[in-house]
Amino acid sequence: MKKILSFVLCTLYIVPLSFSLMAQQLPDPHFEDWSQVYNGDAQLADWHGSNVTQVGLKFTFMYQKPGRTGSCLYVSDRTIGAIGITATGPGYASLGVPFQYMKGLTIKSATAGTEGGINWTYRPDTMAVWVKRTGEHTAEEDFHLLYYSWTGTAKGSHYKNKVGGCTATERINEESDIRLLTNGNECTTVTPGKQVAEGWYRARAKYNEWALVKVPVFYCSDNRPSMCNVIFSAGNYPAFRANDGLYDGNALWVDDVQLIYSSKIDKLLVNGEEFKGFDPNNAKVQTFKLSNSDAKTVQIEALRGIGSLTNIKGETARFPGRRLDSNEMTIVPGELNGKPWTITVNAEDGSSTHTYKIKIIR
C-alpha cells in the first residue's frame with residue numbers, strides 16, 4: 001500500500017458544535033441533504049458528482065448510501081459509453097463542478113477536471129474524514145482525499161487528454177491551474193491561481209469497515225484564502241493525469257467530514273533564527289540563546305502548516321508554512337536574561353488555546 005500521509009483508525013465521538021465552529025466547517029459535512037436529482041438518482045445539494053452527460057446519455061457516479069451516521073456519500077469508477085465507444089471514468093465528488101469534455105465523438109480528445117469551489121476565508125490545520133474503500137482492484141489504484149484553497153482567479157486553455165496530448169477548452173479556477181506544486185496543468189495555464197494551502201491523502205488499500213483518516217493541511221502562503229475546494233475520489237483523479245489506470249467498481253464511501261483548527265506552533269523564530277529545540281507540546285519555560293549577543297530587541301515569529309507532499313510523478317513539493325498573525329497570537333514581552341516572553345495562541349475557531357513561555361538569553 002502506498003502511503004503519503006499518516007492515517008488513524010479509531011472511534012470518533014461527535015459532540016454538538018457551537019455556531020462559531022459550524023461557521024468554519026464545510027457545507028453538509030455529514031452528507032444528509034440529498035434534495036437534488038440527476039438521471040433519476042438522488043444527489044447532494046452542496047456537493048457535485050462526476051456524473052457524465054454525453055451524446056444524449058446520462059451516467060451517474062455519485063449515490064446516497066447508508067453511512068456510519070445517517071446517509072453517506074458513495075462514488076465509484078464506472079465504464080461508460082455508447083455505439084462502441086467506451087471508457088472508464090473516475091467516480092468523485094467535489095464542492096467545485098466536475099467537467100468532462102470531448103470534441104465530438106473523438107475519444108482520444110477526452111479530458112476531465114474540476115472547476116471552482118466555494119467562498120472561503122478560513123485556515124484549517126487538518127481534514128478528518130471517515131471512509132470505506134471497496135472494489136476488486138483497490139490494491140491497483142489510488143483513492144484521493146483532497147483539500148486546497150487559493151486567492152485570485154485561475155484561467156487555463158488546454159488540458160491533458162486520454163492519449164497524453166492537449167485538448168483546447170477554456171476553464172476558470174480549474175484544479176490543475178491552482179495546484180501547480182502537486183498536480184499542475186501540463187498543457188496551458190494562462191493565469192495561475194495563488195494557492196494558499198493543500199491537504200492531500202492518497203492510498204491503495206481496502207477498508208470494509210469505517211476508518212478515520214486525518215489529512216494534515218500544509219501552507220505555501222501567509223495569505224488568507226478567498227476560495228477552497230474539496231475532492232473525494234474513488235479512483236485516480238482526474239482522468240488521464242494519474243500514474244495508473246481506472247478500474248470499474250472501485251468505490252469510496254465518505255461520511256462525517258470535520259475540519260480541525262490547531263493552536264499549536266510548528267516552528268518558532270527569534271530575530272529570524274529558528275528555535276531548533278522548541279517543543280510545541282511543552283507549556284513550561286523553554287530557553288533560547290541568541291546567536292547575536294549584542295541584540296537589543298527581540299522579534300518573535302511563529303509558523304504552522306509546514307510539510308511536504310509527493311506528487312504522482314514522485315516529485316516532492318515542499319510547503320514552508322504560514323506565519324501566525326496578530327488575530328491568532330499575542331505576545332507579552334519579557335526581559336533578556338530575565339522574565340520569559342509569554343506567547344498565547346488561539347485556534348482560529350476558538351476551540352483551543354496554547355500558552356508558551358520562552359526565556360531568551362544572550
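The values are calculated or read from the model by the stated rules, or taken from the named source; none is laboratory data. As the structure is a prediction and not an experimental result, all values here were calculated from the model. Ideal geometry is used to build each Cβ from the backbone, glycine not excepted, and the neighbour counts take in all protein chains shown. Each accessible area value is taken on the protein alone, full model and side chains, heavy atoms only, with ligands, DNA and RNA left out. Shrake-Rupley method; radii C 1.70, N 1.55, O 1.52, S 1.80 Å.
Taking the residues in the stretch 53-87 that are within 25 Å of Phe31 (Cβ to Cβ) and modelled with pLDDT under 85 as candidates, determine which candidate is surrounded by the fewest Cβ atoms within 10 Å (Cβ to Cβ).
This residue is Thr53.
How do the pairs read when you match residues in the stretch 163-176 that are on the phi < 0 side of the Ramachandran plot with residues anywhere that are buried (at least 20 other Cβ atoms within 10 Å of the Cβ) and of a type in the set (D, E, K, R), using Cβ under 6 Å and keeping only pairs 6 or more apart or on different chains?
Listed by first residue and then by second, the contacts come to nothing, as the list is empty.
Can you tell me how many residues in the stretch 304-362 are touching a helix residue (DSSP H, G or I) at 6+ places or on another chain (Cβ under 8 Å), under 22 Å from Asn281 (Cβ atoms) and at pLDDT below 95?
Of the residues in that region, 3 qualify.
For the stretch 215-255, what are the residues that are among the aromatic types (Phe, Trp, Tyr) and within 28 Å of Pro66 (Cα to Cα)? Walk me through it before giving the result.
Within the stretch 215-255, the subset among the aromatic types (Phe, Trp, Tyr) is 218-219, 232, 237, 240, 247, 253.
Result: Phe232, Tyr237, Tyr247, Trp253.
A quick yes/no check of all residues on (1) at pLDDT below 95; (2) of a type in the set (A, V, I, L, M); (3) buried (at least 21 other Cβ atoms within 10 Å of the Cβ); (4) not in a strand (DSSP E or B):
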residue	(1), (2), (3), (4)
Asn229	no, no, yes, no
Gly235	yes, no, yes, yes
Pro238	yes, no, yes, yes
Ala242	yes, yes, no, yes
Gln258	no, no, no, no
Lys264	no, no, no, yes
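Given the structure, is Arg202 within 16 Å of the chain's Cα centre (by Cα) and surrounded by fewer than 17 Cβ atoms within 10 Å (Cβ to Cβ)? Steps first, please.
Details: within 16 Å of the chain's Cα centre (by Cα): yes; surrounded by fewer than 17 Cβ atoms within 10 Å (Cβ to Cβ): no.
So Arg202 does not fit the description; no.
Out of all the residues in the stretch 266-305, which are in contact (Cβ under 8 Å) with a residue 40 or more places away in the chain, part of a loop (DSSP other than H, G, I, E, B) and surrounded by fewer than 13 Cβ atoms within 10 Å (Cβ to Cβ)?
Asn282, Ala283, Lys284, Ser293
Take Leu17 and decide whether it is hydrophobic (A, V, I, L, M, F, W, C) and at pLDDT below 65.
yes
Output the number of residues of the stretch 109-156 satisfying the condition of being among the charged types (D, E, K, R), within 21 Å of Asn183 (Cβ to Cβ) and open to solvent by 10 Å² or more (accessible area, probe 1.4 Å).
Selection size over the stretch 109-156: 3.
Table: residues versus (1) modelled with pLDDT under 95; (2) touching a helix residue (DSSP H, G or I) at 6+ places or on another chain (Cβ under 8 Å); (3) among the hydrophobic types (A, V, I, L, M, F, W, C).
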position	(1), (2), (3)
Phe99	yes, no, yes
Asn119	no, no, no
Trp150	no, no, yes
Lys155	no, yes, no
Asn161	yes, yes, no
Ile178	no, no, yes
